[in-house]
Structure formats: C-alpha cells, structure tokens
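So the structure is just underneath, and the comments pick up after that.
A short reminder: the numbers here are calculations on the coordinates, not readings from a lab. Not measured: the values here are computed from a predicted model. Glycine also receives a Cβ, built like all others from the backbone with ideal geometry; neighbour counts cover every protein chain displayed.
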Amino acid sequence: MPVLHNRISNEELKRRLYEETEARKTVSFYKYFSIAQPESFRDELYQKLYALKVFGRIYIAQEGINAQISVPESNYEQFVETLYHAAPELNGIRMNIAVEDDGKSFWVLKIKVRPKIVADGIDDKNFNPSDTGVYLKAKEFNDLTAQPNTIVVDMRNHYEYEVGHFENAIEIPSDTFREQLPMAVKMLEEHKDKNIVMYCTGGIRCEKASAFMKYSGFQNVFHVEGGIIEYARKAKEQQLPNKFIGKNFVFDDRLGERISDDIIAQCHQCGAPCDDHTNCKNDGCHLLFIQCPTCAEKYEGCCSEDCKVEKNTPTEQQRINRAGRENGMKIFNKSKDHPLRKHRDAWAAERKSNS
C-alpha cells in the first residue's frame, strides 16, 4: 500500500516547487453529489493525483468534493480525465482557473475526509443542498443586478469582503458561514419579493446559501456561476463591464488576486490605502491581517511591536512563550477589540500631529 500522505518538510517542498521550470495552472472546483464511501474515494484519488504532481487541498465528504489545486500544464488534460473517471458526476465539472497566477500557489497535496465540504451547521435532513437557486453567468449577473428590485449578497467572510466585493453588495457580518446562513435569512426577511443574488469566491458557498434561502421560503434566488473567479474571467473574455471592485481574496499562498485597480481597504496598522493580506511573521501568532509596505518594514512583517520582539528572541525562548497557546487560525476583525487597533489609532494620531 503506497504512503497516502506527505513525509517531506515544507521547506524542501517549497524549494522543489520554485525550482520547477514548467508552468502550472491554479484551479478550484467543487461538486455537490453523493459519495457513499468518502475514505475509499479519497485514497484512490490521492494516488492518481499524486502521480500527476498535483498540489493543493481537497476536501471529500458524503455530500461531495471541494478543491483548490495547482497542476503542471502538461498534465492538465490528464488531470481532468482522472476526475471524470473518478465519478460520473464529475464529468463536465466546471473548472475555475485563477485570474492572476504564477502557479506557485501550493507545494503539497492534501486530501482530507470531512463531515461536510462546507460547514453549514444545518442538521435538518429535509434540507437538500442540490435544490439551488438559478445560475447566473457574467452578463446575466450584470443585467439582473442593474434592476432596482435586486439585492446582491456577499456570502464570504468579513476579511474577504473588506478587500473586494461587487458594487452595492451587502455584507453578512459574521466570522463563519454557519453563522451567515440564518443571519442572511433574518436580514433579508422583508425582501422576499425581490431578486436575491448571492456570490462567493468560487461558487461553493453561494450555491449552498441559495439552496438554504429557497429552503427558508425565498422564491427569486440566484447565484453567480463559478463565483468571483469565473465572473472575472468571463467578464474579461467577453469585454463586459466589470462590476467587482478591488481584490478577490483566495485561500492559497497568494492571499488575493487583483480584479480591479481599486484599493478599497486600509492597512490595519496605520490606515494607509492597502489590500495586501499577510500572516504575522511571529510563529507564535500568524495572525491574518492587512499590512502596507511601510508597516511591514517597521514591524518586520509582524502585527505588533510585541510580536516583533518575540520573533527576534532566541528560538528556545519562543517555544517557551508559545507553550499553552491556541494554534487555531487567527484573523484580524476590525470591528472587534485587538491590539492592532491601538497601533493603528496611535500611528494615525502621530501622522496627524506631524502633518
């Protein structure tokens, strides 16, 4: 039985990736369909994709598959054929190809079995995620959202919305998708007679959200086919007006791809116009936040002076400092208290006094 997980260090894998000379494609895809034995499906798929030098992360559940990967261009067609043969439901699956891409988005293949491909908090067995709203292609989206009785709803997290979103889109202010679903129903309760257009990064969240809205009694529900990624690609190909403002946050090493030249966010430390996400360079923090080049230099890529100091302490002392800390993903939320707010406010006051 071949090894079905990676045994090489991340440093070595990254080195190998950047030594590659062949171009790669960064692709995302998903499909809601029934998988009777997710573990067996996972094992077989891992072996085949590993042989094709596919990198990225793929989630498998009884409700379907969700993936963000990169693949060498010479292996792309064989990769697509492999998916088609893995399950009949994947025949003809839409591939969302990255708009901005150097192919260096992933350096290892991880395929995990999960209870759901999108955690939604829905326990009702009567809910059918495949009973979705109407797909909208790029031109259809532009046409429908120009109508006054249409509401555009962003089904992504706050930090994604912050750096880019569709014109006039409303934010569902929550940290998780499972919290957003009932919140969206409540926020839109008085607008059941209007067209509700939902969108997300690649389509997987807004598709399930559209199904939940229909399940909750909404009739005129739509969602953007392929999400922002596919919309941006088609709008460019067809020379359509681009209704997306700013940057599209993506869940790989790039942390974002430029859709329009607009910068609508601010550095979380000084308030300067900026939409570049980064992770705090302190290994005991790794907070996801927005940082401009000036602050990156001042804080050495860290989110605070304290993290800068800790980053520069001896390695053994860093380990002692990190003992007992939670290791979950940490994300700066500008609407909540955080030391970053103090740094930002203090620096803003300093800039004002010097002006």
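Counting only aspartates and glutamates at least 8 places from LYS281 when in the same chain, those with an alpha carbon closer than 17 Å to its own are GLU11, ASP252, ASP253, GLU297, GLU300, GLU305, ASP306, GLU310, GLU316, GLU326. Straight Cα distances below 14 angstrom link LYS139 to the aspartates and glutamates GLU225, GLU230, GLU237, with same-chain residues fewer than 8 positions distant left out.
Label separation (HIS286 vs GLU190): 4.4 nm, computed from points 7 Å beyond Cα along the C-beta direction.
In this structure, VAL309 and ALA51 have a Cβ-Cβ separation that, at R0 = 45 Å, corresponds to a calculated FRET efficiency of about 0.45. For region 126-163, the residues whose backbone nitrogen is under 17 Å from a point 7 Å from the Cα of GLN219, taken along Cα to Cβ, are 133-134, 149-151.
In this label model, GLU39 and ARG319 are separated by 3.4 nm, measuring between points 7 Å along each Cα→Cβ vector.
Of the cross-linked pairs LYS112/LYS194; LYS137/LYS208; LYS48/LYS137; LYS116/LYS214, which ones have a Cα-Cα span greater than 27 Å in the structure shown?
Going by Cα-Cα distance, LYS112/LYS194; LYS48/LYS137 fall outside the 27 Å limit.
Extension gain for the segment LYS112 to ASP143, taken as residue separation times 0.36 nm less the Cα-Cα distance, is 7.2 nm to one decimal. Shown here for region 236-331: chymotrypsin sites (Phe, Trp or Tyr not before Pro) in loop regions (DSSP other than H, G, I, E, B) with at most 12 other Cβ atoms within 10 Å, of which there are none. For region 125-222, the set of chymotrypsin sites (Phe, Trp or Tyr not before Pro) satisfying both a DSSP loop assignment and a count of at most 15 other C-beta atoms within 10 Å is given as PHE127.
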